[in-house]
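Working notes for the structure below.
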Amino acid sequence: MTLEYRSLRFETEVLPEENHQGNAVVNYTEADIPYTRIIEHKHFEFGDQPSTVVTREYPANWAPGGEPYYPINDERNSSLYAQYEQMAQSEGKVVFAGRLGGYKYYDMDKALDAAFDLVERELGVAID
Ligand SMILES: Cc1cc2nc3c(=O)[nH]c(=O)nc-3n(C[C@H](O)[C@H](O)[C@H](O)COP(=O)(O)OP(=O)(O)OC[C@H]3O[C@@H](n4cnc5c(N)ncnc54)[C@H](O)[C@@H]3O)c2cc1C
């Protein structure tokens, strides 16, 4: 059985304006807007070009072979993941790492915390 994920579709466009949204990232939560986020890349680097590049992120279904972005931590998938974890433990040489391997939604700070914890647990090296 396969764990399920959510995916995304990205649509990138060059706009003939200096500034589109005044910010690198704006989230959209309204049901009638089809994208969930617009990234305006120049604001990460304080660019001052006469045009601007934006990327809209649209939710997309995931199927095996596609790009998985987010785990789906519902009952079915959590219980399936627990079975995989048990199998891995009985193997003794398998370690699940990272956001997709751990099947958890991590932001960057949590991804780093989890990696440091794993290194400490597996290699006995503490990282502060
Ligand atoms: C669309 C999106 C937007 C995000 N936005 C934010 C944000 O705004 N702020 C924030 O803090 N966090 C954000 N995150 C979360 C953040 O990106 C992740 O938490 C972080 O990148 C996880 O790091 P990781 O090393 O666990 O996994 P990843 O960065 O996914 O790295 C896993 C790596 O393993 C490689 N890999 C996979 N399978 C195999 C294999 N079988 N063999 C070898 N290599 C393999 C992959 O190619 C990849 O390079 C976002 C995540 C996504 C998907």
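Here are the numbers:
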quantity: The stretch 27-57 - residue that is closer than 25 Å to residue 69 by Cα and of a type in the set (S, T, N, Q) and, of those, surrounded by the fewest Cβ atoms within 10 Å (Cβ to Cβ); calculated: 29
quantity: Residues of the stretch 27-53 classified as in contact (Cβ under 8 Å) with a residue 24 or more places away in the chain, more than 15 Å from the ligand (Cβ to nearest atom) and in contact with a strand residue (DSSP E or B) (Cβ under 9 Å, 6 or more places away or on another chain), total; calculated: 4
quantity: Residue in the stretch 104-128 that is farthest from the ligand (Cβ to nearest atom), counting only those that are closer than 25 Å to residue 67 by Cα and acidic (Asp, Glu); calculated: 113
quantity: Residue among 54, 14, 94, 26 that is over 20 Å from the mean Cα position of the chain (by Cα) and farther than 30 Å from residue 119 by Cβ; calculated: 14
quantity: Residue that is surrounded by 12 or more Cβ atoms within 10 Å (Cβ to Cβ), within 18 Å of residue 5 (Cβ to Cβ) and in contact (Cβ under 8 Å) with a residue 12 or more places away in the chain, where the choices are 24, 115, 60; calculated: 60
quantity: Search result, residues across the stretch 71-103 that are near the ligand (Cβ under 10 Å from one of its atoms) and loosely packed, with under 15 Cβ neighbours inside 10 Å; calculated: 97, 98, 101
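Computed from the coordinates by the stated procedures, all read-outs in this text should not be read as laboratory data. Owing to the predicted nature of the structure, the values given are computational and were not obtained by experimental measurement. Cβ atoms come from the backbone with ideal geometry, glycine included; neighbour counts cover every protein chain shown.
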